[in-house]
Amino acid sequence: MIRPLESTFEAVYYDGQVAIRRAAMAELAPAELKISLADGATLIWPYATMRIAADGSYGEPVRIEYGLTEALVIESHSFVDALHQHGVTRKALPLDVRRWPAVLLCCIAIAVIASVFYTWGVRIVSEQAVRFMPAGVERRLGQAVVATLAPIPGRCADSNHRLQPIVDRLQSATGSKQRFEVIYVNQGIVNAFAAPGGFIVVYRGLLDQANTPEEFAGVLAHEMQHVLHKHSARALAREFSGRALLSFMAVDSSGTPSAIQAGIRLANLKYQRSDEAEADLTGAALLARAHVDARGFLTFLRRMQVYSASSGSAWNYISTHPATDDRVDALVTEINKSKQSTTPLMTAEEWASAREVCSGN
């Protein structure tokens with residue numbers, strides 16, 4: 001004699017309209033499933049109209065679906081056996097083999113369309129979405145980038161007050177409401193990068209290689225332009241699609257776009273050649289408005305080219321900001337156009353002190 005299984009099970013109900021879990025009790029009746037919600041509401045699902053989406057075969061909870069959106073999740077795997085006693089089984093959808101050529105062609109067409117959309121459509125949509133991204137979302141995206149690539153334990157403890165005057169001078173010359181926050185990291189990497197929302201990360205190794213404050217200011221001006229022209233956000237948008245793109249525009253409850261944060265690498269922040277050229281020229285113009293000698297940035301780029309060629313290191317400024325001969329020539333032309341007078345940022349002694357921002361770590 002087969003012993004009847006229990007007929008009442010604890011469950012979680014989803015209405016498909018909002019992502020809220022609602023505690024429920026599922027009771028197996030002769031022809032229908034009776035669902036009692038914690039708020040007193042009762043739902044009746046006839047067995048003939050239910051679908052078993054997951055039967056627990058691989059250790060997952062049992063999932064029953066009803067209508068277009070509703071679902072019921074039951075942790076107990078004996079629920080499926082109890083359903084079977086009521087004559088309910090997973091329904092298999094038959095495939096008409098006479099139509100297999102049309103089915104095959106349809107699958108191929110879907111694959112082609114999906115491939116084209118993934119290659120071009122998502123990239124275009126992503127980059128266009130960046131144009132309308134709210135400032136708050138862009139800043140949170142930048143926070144996710146900085147938290148991943150420049151975590152707090154590795155940052156320099158004493159940095160802001162000695163280098164901040166350079167940042168403030170450039171900030172004032174931008175004429176933008178965008179506020180910039182420069183974060184210094186205690187690593188010997190010769191690099192710097194801009195993150196969305198006004199964040200600029202500078203590694204100690206770059207400060208070690210900057211012989212003058214004008215060289216450092218040139219790097220900052222260049223990175224500020226990446227932020228102002230949204231190059232950083234677009235570079236990230238080109239890397240992510242689908243679920244991550246939704247997270248890109250809709251920050252989760254923790255305030256961090258986690259789907260993107262998990263995949264962020266410094267390689268994601270590589271820019272297109274046109275982005276680098278634009279940041280060069282507009283950065284040089286910014287230096288001129290701030291009365292900073294832009295030749296410092298040119299000197300720095302040329303020295304980094306030599307450094308990159310001799311060291312072979314992938315972690316340096318030129319690897320993420322490749323300075324081609326065309327870019328350097330265009331930068332020389334732009335600098336030579338400037339008629340603005342220049343004012344030194346610091347004395348040599350002041351710069352020697354300011355660049356040691358990580359000495360206290």
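Each reported figure results from applying straightforward, stated rules to the coordinates on display, with no laboratory input. Since this is a predicted model, take the numbers as computed values, not measurements. When we count neighbours, we look across all protein chains shown, and the Cβ atoms used for this are built from the backbone with ideal geometry, even at glycine.
In which sequence would Val80, Val62 go, from the one with the fewest C-beta neighbours within 10 Å to the one with the most? Don't skip to the answer; put the middle values down first.
Values: Val80 20, Val62 23.
Neighbour counts put them in this order, fewest first: Val80, Val62.
Taking the range 162-239, which chymotrypsin sites (Phe, Trp or Tyr not before Pro) meet the DSSP loop condition and have no more than 13 other C-beta atoms within 10 Å? Before the final figure, lay out each step's value.
Numbers: sites: Phe180, Tyr184, Phe193, Phe199, Tyr203, Phe216; in loops: Phe180.
For chymotrypsin sites (Phe, Trp or Tyr not before Pro) across the range 162-239 that sit outside H, G, I, E and B with at most 13 neighbouring Cβ atoms in 10 Å, the list is empty.
For a footprinting-style exposure proxy, rank Arg327, Arg204 by other Cβ within 10 Å, fewest first.
Details: Arg327 18, Arg204 23.
Lowest count first: Arg327, Arg204.
Give the cross-link partners of Lys177 among the lysines, using a straight C-alpha distance below 19 Å as the criterion and excluding same-chain residues fewer than 8 apart.
Leaving aside lysines fewer than 8 places away in the same chain, those within reach of Lys177 are Lys230.
Within a 10 angstrom radius of the beta carbon, how do Val306, Val145, Val137, Val332 rank from fewest other beta carbons to most?
Working: Val306 10, Val145 27, Val137 18, Val332 14.
Lowest count first: Val306, Val332, Val137, Val145.
Can you tell me the dipole magnitude for the range 150-237 around its Cα centre, using point charges on the Cβ only (Lys, Arg +1; Asp, Glu -1), in Debye to the nearest 20? Don't skip to the end; give the middle numbers.
Details: 8 positive and 7 negative charges, 66 e Å.
Roughly 320 debye, rounded to the nearest 20.
If you take the beta carbon distance between Gln178 and Met25 as r and set R0 to 45 Å, what does 1/(1 + (r/R0)^6) give as a FRET efficiency, to the nearest 0.05?
On the way: r = 54 Å, r/R0 = 1.21.
Taking R0 as 45 Å, the efficiency between Gln178 and Met25 is 0.25.
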